[in-house]
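Only the coordinates and a few stated rules stand behind these numbers; no lab work does. Quantities reported herein were computed from a predicted structural model and do not represent experimental measurements. We place every Cβ from the backbone using ideal geometry, glycine too, and count neighbours over all the protein chains shown.
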Amino acid sequence: MATRTRRAERREEPLSRERIVETAIGLLDSAGEGGLTFRVLAERLATGPGAIYWHVAGKDELLSAATDAVVADAMTADTADSTPQDAIRAVALGVFDAIDAHPWIGAQLVRAPEKTPMLRAFEHIGRQVQALGVPGAAQFTVASALWSYILGVGGQNAANARAVRPDTNRDEFLGSVAAAWENLDPEEYAFTRSVAGRLRDHDDRVEFLAGIDLILAGIAARP
């Protein structure tokens with residue numbers, strides 16, 4: 001009886017595409033792409049799979065819609081009065097933080113470059129590249145370099161976070177990795193040993209933005 005009552009209460013909120021996508025994002029965050037099935041989604045929404053198919057054609061469309069919703073949230077920074085450089089930093093950090101919070105979107109953005117979510121971010125970056133005065137023939141290369149860096153570093157950061165057990169202290173983990181680096185062969189890994197100390201106290205977001213600044217400096221130095 002109590003179960004039926006709870007289901008009735010949950011059904012009071014009309015089923016909509018937005019509600020389906022929001023619930024799908026929660027499932028993806030907790031269980032990854034493999035955990036997103038229409039059966040589990042239907043249970044979460046207290047409905048049948050057929051009702052969900054009325055709003056979305058299948059899993060691919062649902063993944064695209066979920067990714068688009070996350071990326072759209074990441075693009076909310078007001079950059080109207082910003083310099084092109086600051087606007088690029090804001091977009092880059094928005095995507096970086098989105099991938100950090102929702103690790104599954106990195107793979108989706110790489111997998112479907114023709115879909116709206118990827119194009120939304122790429123368009124933001126491309127417009128700022130144009131505002132920087134980059135010659136037309138070089139705009140695609142410059143925007144692609146920025147986008148590849150954002151996706152690559154953001155995805156790697158998310159992968160690193162997933163590789164660490166949830167109950168592991170980050171500082172202790174990095175300390176153990178740094179110690180391992182310091183014990184590498186001094187001839188074969190001379191550079192890695194020399195930067196091991198930096199690994200202990202680095203900030204992922206700060207290092208990410210430093211990389212963006214290196215690319216921006218390279219753009220400014222173009223003849």
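Overview of results
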read-out	value
Helix 204-220 vs. the chain, principal-axis angle (Cα, 0 to 90°, nearest 10)	60 degrees
Length-normalised contact order for the chain - Cα pairs under 8 Å, 6+ apart - percent	16 percent
Asn169/Asp100 FRET efficiency (R0 22 Å; Cβ-Cβ; nearest 0.05)	0.80
For the chain, the longest site-free run once chymotrypsin sites (Phe, Trp or Tyr not before Pro) in DSSP loop states with at most 15 other Cβ atoms within 10 Å are removed	55-188
Segment 168-223 and segment 19-60: distance between their alpha carbon centers, rounded to Å	39 Å
Residues in segment 118-135 that a label on Arg222 would reach, taking backbone N under 13 Å of a point 7 Å out along Cα→Cβ	126-135
Crossing angle, helix 170-182 versus the chain [Cα axis fit, 0-90 degrees, rounded to tens]	40 degrees
Helix-only [θ]222 nm of the chain, DSSP H runs n ≥ 4, -39500 (n - 2.57) each, per residue, nearest 500	-23500 deg cm²/dmol
Cβ-derived FRET efficiency at R0 25 Å, Asp78 paired with Gln139, nearest 0.05	0.55
GluC sites (Glu not before Pro) lying in DSSP loop within segment 148-223, provided at most 12 other Cβ fall within 10 Å	Glu187, Glu188
Selected from Ala57, Ala24, Ala72 as most flexible by GNM, with the chain as the system and alpha-carbon contacts under 10 Å	Ala57
Cα shape, the chain, gyration tensor, a/c 1.5 rule	oblate
Cleavage-rule hits (trypsin sites (Lys or Arg not before Pro)) in segment 132-223: DSSP loop, at most 12 neighbouring Cβ within 10 angstrom	none
Using a Förster distance of 35 Å, the FRET efficiency for Ser148-Trp54 (Cβ separation, nearest 0.05)	0.40
Nearest-ten-degree value, helix 17-31 long axis tilted from longest Cα axis of the chain	60 degrees
